[in-house]
Amino acid sequence: MASTALSQSFSILNSHTSISKKRLENATPFSFSPNQTLNLSRSRIVSTQFKKTHKMFVINCVSTGNDGTSAETPIELKYPAFPTVMDINQIREILPHRFPFLLVDRVVEYNPGVSAVAIKNVTINDNFFPGHFPERPIMPGVLMVEAMAQVGGLVMLQPEVGGSRENFFFAGIDKVRFRKPVVAGDTLVMRMTLVKLQKRFGIAKMEGKAYVGGEVVCEGEFLMAMGSE
């Protein structure tokens, strides 16, 4: 089909141009496939006339693949949603926090007594943005630390690992660093990992990192105490 189309194209060109038959015979041969654009640079006139006469034919060949469909995927279909290991209702059954201080929306990975990964969807409707800051909404660093601590609570406040599902408190925060600002529209992905647990005293040492778009925005070490008072 491609060779037939090319033969017809050169017949049309011969009737509209002054190119001699000898010049066409001496032209450099070329190959053509439906997924490639035509290269007729040996003759500027032939290339120009061919594109004008058969412009639609060339475009169709370039824009379609072997199966006749476009390989481009719409952007809304490229990125799958985070998995749900615990939804907000399950989180509320474990954590004592409530609005406006419940800062975990979903748990996407959970290893009881070992680690958890959770997300916080940062939106302009969060109640801290009107004051921090009105002209440049940035999530306060202390609230990033609080959100990470709540993920740590999800790791520890589980009956299967000795947790009481009651309250837990900060006992210490060390080596906290804020790498980049977190703004409205970001998804804060937080990983908390248990480093050491002293069951006798109800003290847990954890390491945490928070990410936005795969880049670390906050990290630190957390010391937490579990208890009912």
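The values are calculated or read from the model by the stated rules, or taken from the named source; none is laboratory data. Since this is a predicted model, take the numbers as computed values, not measurements. Using ideal geometry, Cβ is built from the backbone for each residue, glycine included, and neighbour counts are taken over all protein chains shown. When the accessible area is computed, the model is the full protein with side chains, heavy atoms only, and any ligands, DNA or RNA have been set aside. Shrake-Rupley method; radii C 1.70, N 1.55, O 1.52, S 1.80 Å.
Some observations on this one:
- Ordering Arg92, Arg136 by accessible surface, largest first, gives Arg136, Arg92; the 1.4 Å probe counts only protein heavy atoms, with every chain in place.
- A Förster distance of 35 Å, applied to the separation of the beta-carbon atoms of His97 and Leu77, puts the FRET efficiency at 0.50.
- For Ile138, the residues 5 or more places off, or on other chains, whose built amide H falls under 5 Å of its own are Phe133.
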